Each structure stands twice: as structure tokens, then as C-alpha cells.
Amino acid sequence: MAQAQFAQLVTSLLEAMGQSMAGVRQVSEGMLVKTSDGFLYAFVEYPNQVSLDFILRLEEEVGNVGARLVVLAPARLPLALSQEVLRRSGSVVDGGRFHELVGGLGLGAMLGDSPPTAPSPGRDRLLPSARQLDDVMGRARTWAEWGLPALALRFYHQAAQMKPEFLPARIGIGQSLLALGLHKEARTAFDEVLTTDPGNVDARIGRAAILGATGQTPEEIRAYRDLLKEDGRRQSVRAHLIAALIDTQSWAEARTEVESMLEVTPDDPRLRFLHAATMARTGEATAAERERDRARTLGLPYEAEKSMAVQLGLPAPTEPPGAAIPGPAVVPIASPAPDVLAPAEAPPASETKRSPMAAPALDTLRALAHKEPKTKARRRTKPSRQTPRARKPKKARAR
């Protein structure tokens, strides 16, 4: 792609995302764009020509302007470099994710992507307005999962404008505001939901998460326990409770809650690894190693185990046979694969600044949080795909 075409793509992409540019600078690797809502977007034209020095310069730039870093590239960024971005609390949207972002905003032709496939038969049965709402909510949840709450907020607001009484959109607004550290605004959003539906579990979880994000962790834990007293099958609540207990180093209590989740999903490898971590922290090193081996047997990937081990303070796993050895600053990569979406690894907790609603090393909790059975007392709305809250240690929690 010619440099002029890439610059046009960047401009169109920012306009489609509704981002207001506060500053733009051309660099040899691509374009750096500072937005008015506190993001630094680094658009990389040729990721296989990027060096580690560029990532370090981005970190310095982020520190100077007080922004959140997002690196975007049409091809896959070398793994060593993407991990370096994530370790510094940045986000990476590359390869397949980048193509999906561009295509989802109607700009796929600028990358030469083929038009989207026809909707499934199930979607055909929806009214046009319902399909449009479904598309907007899908985009919002995608950006939230990829660690871009500002973009998620934009689409949640759009969904709320389309259907003001649609509570999942308003819950998403609250979750996005909380992820951005806007606690007062998030509380207002959750309160609006609770005014309409006083028993809404997602909004009550959000209110509890605000307590933790503002340094009131004991009150947060009590709020989760109250929700579990009402219905012990609420896995989403238990997931947040585990995160809060780990944050306060309450490993024995966290172990009890993890074992409760294992009764529901005993074969989840990440949950098994988390169980091993709580066992190790409660004095059962031998049993913990057996449980860690079981997690590997169930299919826990090496990179996922390494990331979780670092975050939970456990010894890093032994490098698997044939593992790649980090090369020089410039690392060659394979050709892009737009149809493959690789999940990003979470950065180490001890070295990063994390938002209240982001996952700690508990990736599995995000999936398990929405497998809870429906109660007969009242019909529950479909929960938004939120992630369990991860917070910094108490001494560094203030924003």
C-alpha cells in the first residue's frame, strides 16, 4: 500500500470511529495520532519492519502526553513486540482484528477485503431495526473485549439512542465508563439501570466494582457475597468475587470460590491453573503442581500459562521444546491472515496500570461468568460480555 493510501485509510478510519484528532505526526513506521479523549494511536504500515526501539519510543511518548497506547497494523505485529506493547498496558489491533475493524466500519474496500458474507438464517428473521441494534451491540462488545473502552462506549451510546429502554446497552455504557476510570459517570449509568430494574445483577456488579476501584474493597466483597446469598449459581458474581479476593491476597477464600466454579466447569484448563495458584498460596505446593499438570493435560497453552504465572506470582513454566528464541530487534513475520483472530495476552499485573473491569490472569472467568443457569423467579436478560474486574495493588490504585 502506498504511503498516501495508508494515510487516507488512517484518516477515514479515525473519522469512522468518531475520534477527534488533537495531533498527528508522520514517522517512518507509519502515523502517530493523539486524540482528544486521551488515546495515542500508532498506525504501523509495515509491522515486519518495526523495531523494539520504536515500541520504547512509543512508551516514552505515552508518558509525555499521558495517553493510552493502541497499536494498529494491517498485518500481524511480531509476537515479541506485541507482548512488549501489552506489557506496558497498551492494546494491539493487528492482522485479522485490524481487518475486522476496518470492515466493520465499512472501509474494507480500502484494504481490498471481500464484502461481508450474507447474514445467517437466524438474523434474517430479525426486523431491520433489530439487526441494526444487534450489529451495533456486537461492535461495542468486540471493542470492550479488545481493551478499547472508548470505542465500546461510542457504540453502546449509539445502541442506547436507537432503543433507550434497552438495558444491556446502558449497562455497557456503565462498564465502559468504569474501564475508563470515570467512576462518577459510571455510577450514574448503573443507577439509571437500577431505577428501571432494581434487581439487575449486571448493574449491581458494576456498582460493587466501583467500590473496589475507589479503594473500598471490603465493601465490594460484601456486595458480591450479598448477591451470592440471593443466588449462589451466579457465576459472574463469583468471578468478580475471586478477582477481589486475589487483589486482597485472601487466597484461602479465593480457593473456596474457585473450587465452587470448578464444580460447574471441571475441565476448564485456565480455571484449573487458577486453582493450582490458590493451592500453592495456601501451602499445598505438591498438590498445586499436580493441578498445574492437569491444566496442561486439559490443553492450557504455554503462553497462557506463562502470562497467568507471572500475574499470580508463580514460577514461570519451562520453555517447551522447539520454542522460538527471541531474535533481533527487527523480527520477520508471516503474511497476514485476516480470517485468524489471535487473542491478546494480558500484561503482567505487577508492571501495568489496569482498568477496574479488565481481566487479571483470570481469562477463563470471562467465559464462565455467563454460564450461570436462569432462575425461575424472574426472567433474566442476556448478560453483556463483561470481564471480571482486575485492579492494581492498593498502594498504587489511586487514579
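Among the residues here, R255 does not qualify as touching an Asp or Glu at 6+ places or on another chain (Cβ under 6 Å) and of a type outside the set (F, W, Y).
The set of residues from region 167-184 being farther than 15 Å from G212 by Cα and either of a type in the set (S, T, N, Q) or surrounded by fewer than 17 Cβ atoms within 10 Å (Cβ to Cβ) (or both) comprises just one member, S176.
The C-beta contact set for region 22-46 (first residue in the same structural domain as Q3 (by TED's automatic domain parsing) and modelled with pLDDT under 85, second residue in a strand (DSSP E or B) and of a type in the set (K, R), distance under 7 angstrom, 6+ apart or interchain) comprises A22/K34; G23/K34; G38/R68; F39/R68.
Evaluation of E230 against the conditions (1) surrounded by fewer than 22 Cβ atoms within 10 Å (Cβ to Cβ); (2) farther than 25 Å from A254 by Cβ shows that the sole unmet condition is (2). Considered as a group, the residues in region 45-65 that are crowded, with 19+ Cβ neighbours inside 10 Å and over 29 Å from L182 (Cβ atoms) include one that is nearest to the chain's Cα centre (by Cα), and that residue is P47. Taking region 52-109 and the helices (runs of 4 or more DSSP H) fully enclosed by it, the elements with 2 or more residues that are closer than 24 Å to M21 by Cβ and out of contact with any helix residue (DSSP H, G or I) (no Cβ under 6 Å at 6 or more places or on another chain) are at 52-65, 96-104. Given the condition in contact (Cβ under 8 Å) with a residue 24 or more places away in the chain, closer than 20 Å to V237 by Cα and buried (at least 16 other Cβ atoms within 10 Å of the Cβ), answer yes or no: does some residue in region 278-296 qualify? Yes: one or more hits. Considering region 117-151, and only residues there that are of a type in the set (S, T, Y) and in a helix (DSSP H, G or I), the residue that is modelled with the highest pLDDT turns out to be T142.
No other residue among R88, R25, R68 is of a type in the set (K, R), buried (at least 21 other Cβ atoms within 10 Å of the Cβ) and over 22 Å from G106 (Cβ atoms) apart from R68.
The values are calculated or read from the model by the stated rules, or taken from the named source; none is laboratory data. As the structure is a computational prediction, the values presented were derived from the model and not from experiment. Note: ideal-geometry Cβ built from the backbone for every residue, glycine included; neighbour counts use all protein chains shown.
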